[in-house]
1. Scan (1) more than 23 Å from PRO71 (Cα to Cα); (2) open to solvent by 20 Å² or more (accessible area, probe 1.4 Å) for the single condition CYS187 breaks and write down its number.
2. Tell me which of these LYS422 doesn't satisfy, since it passes every other one: (1) outside any helix (DSSP H, G or I); (2) closer than 13 Å to CYS353 by Cβ; (3) away from the ligand (no atom under 16 Å from the Cβ).
3. If you check every pair at least six apart or on different chains, which have Cβ atoms under 6 Å apart with a residue in the stretch 473-484 that is under 11 Å from THR433 (Cα atoms) first and a residue that is near the ligand (Cβ under 8 Å from one of its atoms) and open to solvent by 30 Å² or more (accessible area, probe 1.4 Å) second?
4. What's the total number of residues in the stretch 19-43 that are within 26 Å of the chain's Cα centre (by Cα) and in a loop (DSSP other than H, G, I, E, B)?
5. Considering each of LYS388, LYS492, LYS434, LYS472 in turn, give the residue that is outside any loop (DSSP other than H, G, I, E, B) and within 16 Å of the ligand (Cβ to nearest atom).
6. Tell me, yes or no, whether the stretch 460-469 has at least one residue that is surrounded by fewer than 19 Cβ atoms within 10 Å (Cβ to Cβ) and within 16 Å of the ligand (Cβ to nearest atom).
7. Looking only at the stretch 355-383, which residues are open to solvent by less than 60 Å² (accessible area, probe 1.4 Å) and over 28 Å from ALA489 (Cα atoms)?
8. Residues to consider are LEU382, LEU389, LEU372; find the one that is more than 25 Å from SER194 (Cα to Cα), free of Cβ contacts under 8 Å to residues at least 40 places away in the same chain and not charged (D, E, K, R).
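The values are calculated or read from the model by the stated rules, or taken from the named source; none is laboratory data. Remember, it's a predicted structure, so these values are computed and weren't measured experimentally. Because the Cβ atoms are built from the backbone with ideal geometry, glycine has one as well, and the counts that use them run over all protein chains shown. These accessible areas exclude ligands, DNA and RNA; they are computed on the full protein's heavy atoms, side chains included. Shrake-Rupley method; radii C 1.70, N 1.55, O 1.52, S 1.80 Å.
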Amino acid sequence: MDPAPAPPPPFAVHLVTGGGPSPELALLLRSLAAARVVALDAEWKPRRRGSPAAAGTGDGASPATAPPQFPTVTLLQVACRGGDGGEGERERERCEVFVVDLLAVPLADLWAPLRELFERPDVLKLGFRFKQDLVYLSATFAAALGSDAGFDRVEPFLDVTNVYYYLKGHDRQKKLPKETKSLATICEELLNVSLSKELQCSDWSCRPLSDGQIQYAASDAYYLLDIFDLFQQKFTTEGKCSSTMELNSDRHGSPTVIECSSSGYDICSGGYLMSIVTKYSEKILLTDSDIKPRSSIRKEISKLPTNAKCKDRVDCSTEWQGPPPWDPSIGGDGYPKFLCDVMIEGLAKHLRCVGIDAAIPSSKKPEPRELLNQTYKEGRILLTRDVKLLKYQYLASSQVYRVKSLLKHDQLAEVIDTFQLKISEDQLMSRCTKCNGSFIQKPLTLEEAVEASKGFQVIPSCLFNRNLEFWKCTDCNQLYWEGTQYHNAVQKFLSVCNISD
Ligand SMILES: [Zn+2]
């Protein structure tokens with residue numbers, strides 16, 4: 001099953017595969033020297049279940065000298081944002097993205113420039129949980145060049161997870177929430193960009209890399225810069241007029257604040273950058289215990305299904321036995337129906353977006369018995385992440401399914417795959433994401449929509465001259481229209497569900 005082809009990314013990628021005289025390497029070094037903000041990411045060969053040593057799994061691709069404890073980093077992604085950018089100068093557009101093949105470029109050519117980059121006080125480094133990358137990167141360089149050739153710090157550093165919470169309005173004085181967001185989720189929420197997850201756990205030690213792998217790897221670094229741009233915008237806007245910025249937090253709801261908000265912001269100059277660094281940056285320091293793997297670290301890592309970066313992805317082998325209650329062979333009407341447990345209500349919205357009937361529990365904190373009753377009465381399948389629910393034997397096992405994936409997109413793909421759901425393009429957005437109701441069949445005119453929205457919902461005036469069609473949910477009266485968010489959502493689900501246009 002090939003995923004639908006992703007649209008081409010908005011940046012060009014330099015693949016660096018040569019040492020010494022290679023022009024790409026020269027460009028990389030020049031860009032690093034001139035950059036003020038550099039986004040970093042690294043890839044390594046995923047660890048398979050039951051193979052404790054990541055390096056040297058017998059395919060000959062990993063150097064035999066690598067310490068067996070840490071995976072060998074095979075790819076380093078670097079996205080550089082422009083030069084100094086004095087007052088008024090707009091450097092935002094200038095961005096170079098490099099995918100550096102660490103299996104091809106002599107590490108000796110890279111070590112000194114990288115160490116300088118990591119430690120330069122006037123260059124802000126961006127990453128997503130980069131400490132682990134740094135540990136592996138350091139081990140990879142030390143294995144090749146000698147124990148002194150590792151890296152022990154990255155400073156100043158800004159983690160995109162913190163940027164995310166800042167943009168979401170989280171109080172900086174308070175502790176960050178425990179839930180961990182994946183980079184894909186962050187990109188989707190902040191940028192409305194879907195990063196393909198298919199390739200995340202692909203074999204990064206195989207050569208040649210596919211175009212898809214190169215693009216995927218480059219995206220991981222590039223979008224960190226995009227997220228930083230949002231952060232800068234908010235930082236500068238708040239610094240100037242303390243107005244807040246609307247973020248695209250409710251993707252499936254109808255308000256289209258994004259479309260209406262002004263885009264006239266100032267891109268920050270070097271001065272702003274330094275105040276961001278002072279106010280928000282941190283440092284990554286590797287101690288001896290980080291660099292020399294202890295058995296406890298090893299244990300922790302080997303517990304994970306693949307490598308830690310892939311922890312969102314899980315073994316999707318299913319215990320589902322079927323047939324589902326809607327199966328015509330046992331008297332069903334052929335229409336899949338689910339009940340999503342409270343922990344996975346987000347999945348319910350996603351299922352509705354692709355036209356599947358997905359209810360949520362009738363009470364906020366349902367007892368297991370209530371959940372199972374509703375499931376049984378309405379002929380649904382209960383989707384849950386709660387293992388405890390599986391032990392209720394009085395309900396046939398073919399009415400409870402434990403969802404294994406952690407992220408909504410993956411959960412959606414998992415459910416579609418497990419229950420062999422047929423999703424077609426005209427089913428997309430055919431159901432109210434708010435209440436699971438269905439839409440009236442005939443679209444409303446603008447006048448009818450304005451009438452229907454009275455005292456209930458505000459239709460932004462910027463939509464008035466755009467000749468849009470409106471639909472109303474027959475159950476909760478929510479209005480929907482084909483705005484930008486609608487089209488983005490359709491595009492997203494086309495690719496998640498592997499529907500090609
Ligand atoms: Zn509704």
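1. Among (1) more than 23 Å from PRO71 (Cα to Cα); (2) open to solvent by 20 Å² or more (accessible area, probe 1.4 Å), CYS187 violates only (2).
2. (2)
3. CYS476/LYS434; CYS476/CYS435; GLN478/LYS434
4. Of the residues in the stretch 19-43, 2 are within 26 Å of the chain's Cα centre (by Cα) and in a loop (DSSP other than H, G, I, E, B).
5. Values: LYS388 fails: within 16 Å of the ligand (Cβ to nearest atom); LYS492 fails: within 16 Å of the ligand (Cβ to nearest atom); LYS434 fails: outside any loop (DSSP other than H, G, I, E, B).
Just one listed residue meets the conditions, LYS472.
6. So in the stretch 460-469, the residues surrounded by fewer than 19 Cβ atoms within 10 Å (Cβ to Cβ) come out as 460-469.
Filter once more, keeping what is within 16 Å of the ligand (Cβ to nearest atom): none.
No.
7. SER363, PRO366, PRO368, LEU371, LEU372, GLN374, THR375, GLY379
8. Values: LEU382 fails: free of Cβ contacts under 8 Å to residues at least 40 places away in the same chain; LEU389 fails: free of Cβ contacts under 8 Å to residues at least 40 places away in the same chain.
Just a single option satisfies the conditions, and that option is LEU372.
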